Amino acid sequence: MSHYAIADDGPALLAFYRSERFRRFLGRLVRADLQLCPDEDPHACALYFYTEAGDHMGYHYDTSHYKGARYTVLIGLVQDSSSRLLCRLYTHRPGQAPVEMAMATEPGSMVIFNGDKVYHGVSPSREGERRVVFTMEYVTSREMGRVQRLFSNLKDAFAYFGIRALWRGRGRGARATA
Ligand SMILES: [Fe+2]
């Protein structure tokens, strides 16, 4: 469920994402000046449901299309599931063997990482299981190049949230610049 849906129907989640106090706390944690993603970014905050057998996410980086770093924050909401957040650490460190981690994101637990640096995925859920995670993205710069912005919006909106989010995102972007 994308940022657009949350903006329409999830005022508490949106307020949490936008909380200045929480953002300052995160900034102290990672020692960076964190900012909200622009409104047209479908990933700014989102809900992920792993409720069907086989629901998973392949390993990836949350690559920043912005000029600075992008930090991902995960808040566990439901973890009635064998599905785990998988992280492979130190993939960019020459000479160091990667370290694998598998984490249950229990309700109220928080994970934060630099999306360009931590290779991660989600292991498949089984029949009858339920895992729900609220994710938030914070950036150190809200600027991105025009080409990166177009590519990012097309790829992300379609891959994660379906074609409807893509069109809604374009509409919002047009309104924001009008
Ligand atoms: Fe990710």
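Bear in mind that the values in this text are calculations on the coordinates, not laboratory data. Everything numeric in this text was worked out from a predicted model, so none of it was measured.
Structure notes:
- Backbone HN-Hα couplings from phi across region 55-68 [Karplus 6.51/-1.76/1.60, Hz, Gly and Pro as x]: 4, 7, 9, x, 4, 6, 9, 7, 4, 7, 9, 8, 6, x
- Backbone amide hydrogens, once placed in the peptide plane, bring Ser83 within less than 5 Å of Arg126, excluding anything fewer than 5 places away on its chain.
- Our estimate of slack between His56 and Glu106, defined as 0.36 nm per intervening residue step minus the Cα-Cα distance, is 16.3 nm.
- Shown in residue order for region 110-125 are the 3J(HN,Hα) couplings computed by the Karplus curve 6.51 cos²θ - 1.76 cosθ + 1.60 at θ = phi - 60°: 10, 10, 9, 7, 7, x, 7, 10, 10, 7, 8, x, 10, 6, x, 8 Hz (x for Gly and Pro).
- Length released on extending from Leu29 to Ser141, taking residue separation times 0.36 nm less the Cα-Cα span: 38.6 nm
- Overall dimensions of region 1-90 by Cα: Rg and Dmax, Å: 14.4, 39
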